[in-house]
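Quick notes on the structure that follows.
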Amino acid sequence: MSVPMNPMVDGWMGDDWFHNGAFRQGGSLSYIYDQEATRANEIRWWTSHFDEYDMYMQAGSAGELGRRRGLERVGFWRKILEHPSYDAFWQDQAVDKILAAQPLKVPVMLVHSLWDQEDIYGDIAVYKAIKPKDTNNDKVFLVMGPWHHGQEIRDGSALGAIRFDSDTALYFRREILRPFLDQYLKDGAPKADMPPVVAFETGTNAWLRLPSWPAGCASGCAVRATPLYFNAGLKMSFNAPASGDAAYEEYVSDPAKPVPYRARPIDGTSWSRWLVDDQREASGRPDVVAFVSDALSTPVKISGQPIVNLLASTSGTDSDWVVKVIDLYPDEVAGQPAMGGYQLMVSADILRGRYRESLETPKPLASNQPLLYRWSLPTANHVFLKGHRIMVQVQSSWFPLYDRNPQTFVPNIFWAKPGDYKKAVQRIYHAPGQASFIELPLVTTP
């Protein structure tokens, strides 16, 4: 019997070290230093600025900051520097691929946090890898809760400003985890009343017992990939763009002023909750485009992974793309005035453009040409309630969580020089025949 909680599974695709090719420098350099600089872990990373944004900007690149701190004496850091792409070094240690090639011998309960700020990729990747082996549907179980990394063993009543109406972590430990452990570890214990999937539905704050993932509901509904289109006038709509509308939205991405991933100063004290931070500050920047739907007349539920289909161009030869699917709260929320207009990220991630065609072999981007960027965002199980709106933000930096893309193609971004960092004009296309959209895993009922 095994109960992996928030496992780190693939360090390049979407867990600790990279996300779709973009290096997660915020947290990674200090963690590697603390863990490996000495065998006894007695040496600690130090901060030279109260605001980590300033520390990373002053260094220029992640490679240069590591060099200044002597990190190249640490073996794993040298491996990261040598393997910025998804080559055999990363592929051969991807745990989901390893498990997919092994027989399923023991019951497994995978415990996933919907707002895991560290390892949001791993659980779902392992579930996809081993669930097909569960021919009797009685060995692989999935639990999803509204938590940050590891919050299932702490208090689960809230995450940041988001309240869940109960201690969801305590419920998990008492009603789900303990009966499961008793069944397999205690003689004479009754069989746990455990469905294949137990998933917390954010938005409605309800636990669901499901036959599979993604299922959406216990019975009688389906999950269908449904395009939510970018439209002229910064609108999101289930209707495709109409002829005659403007062809694109445009912004300038300046590596000298990258978009912070959270409000500054960034000091790491509330790292665990950054994924539920209010995104209003980002939405007001000129280098972030925010598309918004009309207020919803009925609830909209998604279960699964949204898939980005971004048709975009850059005046540079490399670019990062960050896409965030956001629940935009009504202007006023009864009983919670501070939640009025709150912008809650439901699913968000980054893609490094040089890997658009191949994860193993980076290539320069063709300048000023609309190109399709397609990638999956993290799993969500969320209801956008009536009166809420769906917002999608697009930007080209998420700093200092991710290292800056110089926006000119260089062989290895870890060693980008100051002169490599250039402004770029970014265009997001939303015209007939050139439509950007998000495939939402929309839950529908007959």
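The values are calculated or read from the model by the stated rules, or taken from the named source; none is laboratory data. Note that this is a predicted model, so its numbers are computed, not measured. All Cβ positions, glycine included, derive from the backbone under ideal geometry; neighbour counts span all protein chains shown. Accessible surface areas use protein heavy atoms only, side chains included; no ligands, DNA or RNA. Shrake-Rupley method; radii C 1.70, N 1.55, O 1.52, S 1.80 Å.
Taking the options ARG44, ARG78, ARG73, name whichever one is open to solvent by 40 Å² or more (accessible area, probe 1.4 Å) and closer than 17 Å to PHE18 by Cα.
ARG78
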Over the stretch 161-177, the set of residues under 23 Å from ASP277 (Cβ atoms), aromatic (Phe, Trp, Tyr) and part of a helix (DSSP H, G or I) is none
Any residue at all in the stretch 267-287 that's in a loop (DSSP other than H, G, I, E, B) and at positive phi?
yes
Can you spot a residue in the stretch 51-58 that is touching a Pro at 6+ places or on another chain (Cβ under 6 Å), at pLDDT 90 or above, open to solvent by 30 Å² or more (accessible area, probe 1.4 Å) and within 16 Å of THR269 (Cβ to Cβ)?
yes
Can you say whether LYS105 is closer than 30 Å to LEU177 by Cβ, free of Cβ contacts under 8 Å to residues at least 40 places away in the same chain and not aromatic (Phe, Trp, Tyr), as far as the supplied structure shows?
yes
Does LEU442 fit the bill of being surrounded by 20 or more Cβ atoms within 10 Å (Cβ to Cβ) and part of a strand (DSSP E or B)?
yes
Which condition does ALA246 not pass, out of (1) assigned to a loop (DSSP other than H, G, I, E, B); (2) over 26 Å from GLN407 (Cβ atoms); (3) open to solvent by 30 Å² or more (accessible area, probe 1.4 Å), if it passes all the others?
(2)
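Residue-by-condition table, conditions (1) surrounded by 23 or more Cβ atoms within 10 Å (Cβ to Cβ); (2) in contact with a helix residue (DSSP H, G or I) (Cβ under 7 Å, 6 or more places away or on another chain):
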residue: ASP278; (1), (2): no, no
residue: VAL292; (1), (2): no, no
residue: LYS301; (1), (2): yes, no
residue: LEU311; (1), (2): no, no
residue: SER319; (1), (2): yes, yes
residue: LYS363; (1), (2): no, yes
residue: ASN381; (1), (2): yes, no
Selection within the stretch 211-226 - within 23 Å of the chain's Cα centre (by Cα), in a strand (DSSP E or B) and over 19 Å from ASP327 (Cβ atoms):
ARG224, ALA225
Considering (1) open to solvent by 40 Å² or more (accessible area, probe 1.4 Å); (2) on the phi > 0 side of the Ramachandran plot; (3) of a type outside the set (D, E, K, R); (4) under 22 Å from the mean Cα position of the chain (by Cα), say which one GLY203 fails and leave the rest.
(1)
Close pairs (6 angstrom Cβ cut-off, 6 or more residues apart or separate chains): in contact (Cβ under 8 Å) with a residue 24 or more places away in the chain in the stretch 406-424, open to solvent by 90 Å² or more (accessible area, probe 1.4 Å) anywhere
GLN407/LYS422; THR408/LYS422
Those residues of the stretch 364-421 which are of a type in the set (Lys, Arg) and either under 30 Å from LEU296 (Cα atoms) or not in a loop (DSSP other than H, G, I, E, B) (or both) amount to ARG374, LYS386, ARG389
Residue check for LEU328: open to solvent by less than 10 Å² (accessible area, probe 1.4 Å), in contact (Cβ under 8 Å) with a residue 60 or more places away in the chain, out of contact with any Gly (no Cβ under 7 Å at 6 or more places or on another chain) and under 28 Å from PRO432 (Cα atoms)
no
